[in-house]
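Beneath this line is the structure, given in structure tokens, with notes to follow.
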Amino acid sequence: MNVRLACTATFAAVFVSGCAARSLQLPALEMRFYETPAQSAPKERFREDVILNATVIGDAGLRYMKPTELLKAAETGSNRGDPQKLMRAARTLVPGDGVVLLGTVRSTSSGGGSANLAIYSLALACERTDLDQSGDLRGCKGYVLRATRTWPAEVYALPEATVSLISEGGTAHGRLRAKSEPGAFKAELEGEFAASIVELGAGALASDSAK
């Protein structure tokens, strides 16, 4: 087995960012969530350093592109919503000529047990590109959301995200940087992630392991 094949096999098995000395270092994504009062400095509410195992889907688009659309899809009546319906809506794809990046993380960093479980979901729609080649994804925008067992959930629009991929056949190593639109609350994401690469017609709708 040559060095390139050995590196690819290791990446696919444990989602690491490289071979040899880098094989024990998992790619980490930092997510920060702030309250941003108009007359005072931003206050950090949550910080998560997570291992994001994502899926990059070709020939696809996002069904919902705006936070208002997601929240509408999650409604159950009485001005309330269902976190599970919200998560499903955030991962709903449609056929298209672009590329979609989906990633979901479960976290209990605020304390052990299911009562403290928070689920973070990232969804970005980007312009068409050749996923067999390494490079930047162009025109990426979408949202990141944070949901717990209780309503309401938090949805942040990401109007512009910087995403780069190093392709290794059916997997990739990526880097991401994004900020939400200005408002009373904001989110910032920066770091690395591992991803599998699929086409929408090859079962991408069921590719998210955190369903």
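For this structure, a couple of remarks:
- Residues Thr171, Thr129 ordered from highest to lowest accessible area at a 1.4 Å probe: Thr129, Thr171.
- The aspartates and glutamates whose alpha-carbon is closer than 17 Å to the alpha-carbon of Lys72, local same-chain residues fewer than 8 away aside, are Asp82, Glu154.
- Computed on protein heavy atoms with a 1.4 Å probe, the accessible areas place Met87, Met65 in the order Met65, Met87, largest first.
- Selection among Val56, Gly77, Pro95 by position relative to the dipole of the stretch 56-107 gives Gly77 as farthest towards the positive end (Cβ unit charges, Cα centre).
- Protein heavy-atom accessible surface, 1.4 Å probe, per residue over the stretch 27-147: 50 Å².
- The stretch 23-158: relative contact order as a whole-number percent, Cα under 8 Å and 6+ apart: 21 percent
- Lysines with Cα under 18 Å of Lys66, excluding same-chain neighbours fewer than 8 positions away: Lys85, Lys141, Lys179, Lys186
- Local charge for Cys126 was computed over the other residues whose Cβ lies under 13 Å away, with Lys and Arg +1 and Asp and Glu -1, and equals -3.
- Global form of the stretch 46-109, assessed from the alpha-carbon gyration tensor, a/c cut-off 1.5: oblate
- The candidates Ser167, Ser196, Ser40, arranged from most to least accessible area with a 1.4 Å probe in the full protein assembly, appear as Ser40, Ser196, Ser167.
The values are calculated or read from the model by the stated rules, or taken from the named source; none is laboratory data. The shown structure was predicted, so the numbers you read here are calculated from the model rather than taken from an experiment. Don't worry about glycine lacking a Cβ; one is built from the backbone with ideal geometry, like all the others, and counts go over all protein chains shown. Side chains are part of the model used for accessible areas, which takes the heavy atoms of the whole protein and leaves out ligands, DNA and RNA. Shrake-Rupley method; radii C 1.70, N 1.55, O 1.52, S 1.80 Å.
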